[in-house]
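To keep things clear, I will list the structure first and then write my remarks on it.
Derivation of every value follows stated rules applied to the coordinates shown; laboratory data play no part. If you're wondering where the values come from, they're calculated on a predicted model, not measured in any experiment. For neighbour counting, all protein chains shown are included, and Cβ atoms are generated from backbone atoms with ideal geometry for every residue, glycine included.
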Amino acid sequence: MAETAARPAPPAGPSPGGPFPARAFPELAAGSPSELVAAVRDGLPAERFDALRDVLGVPSAELAAVLRLSPSTLRRRRERGHFDELESDRLVRLAHVVVRAVEVMESERDARAWLTSPSHALGGEAPLDYASVGTGAREVERLLTRIEHGVFS
């Protein structure tokens, strides 16, 4: 992804409203994978975009670019109240990456900083940007596993 403007500093302190993902993405706590698949197929509520944006501490335009949503599409989804299946799938994919980053970094604040900072292991791209496509998201998750096990790239 093209270089973006400087990001604001991540908010400090604990996150209000409970831990991620319960607060931002209750669908990730579904009782079974089939429940999550059904939620994605039905289309996630538009509020999930704002919840993910708040967890990441990035501007709406930046998150929309990562999710491959044009400003006009995002506006229409907000008006309609939900995303379509493919957009919902991209939201869930990115939410899974964020959950994994929070687990490995042990705090939302550290996960935000890591996700939005350039990574040598990802060719100088920020993990958030790299995760904008499925292949990149899987590589970010592999990188997090290496970090978790002390294998730095």
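A simple rule links phi to the HN-Hα coupling: the Karplus curve 6.51 cos²θ - 1.76 cosθ + 1.60 with θ = phi - 60°, which for region 37-45 gives 4, 4, 5, 5, 5, 6, x, 6, x Hz, with x for Gly and Pro. With θ taken as phi - 60° and the Karplus curve 6.51 cos²θ - 1.76 cosθ + 1.60 applied, the whole-hertz 3J(HN,Hα) list for region 75-91 is 4, 5, 5, 5, 5, 6, x, 7, 8, 7, 4, 5, 5, 5, 4, 5, 4 Hz, x standing for glycine and proline.
Between region 97-153 and region 48-93, what's the alpha-carbon centroid distance in Å? What the calculation gives is 20 Å, centre to centre.
Among the trypsin sites (Lys or Arg not before Pro) in region 44-82, those located in a DSSP loop and surrounded by at most 16 other Cβ atoms within 10 Å of their own Cβ are R68.
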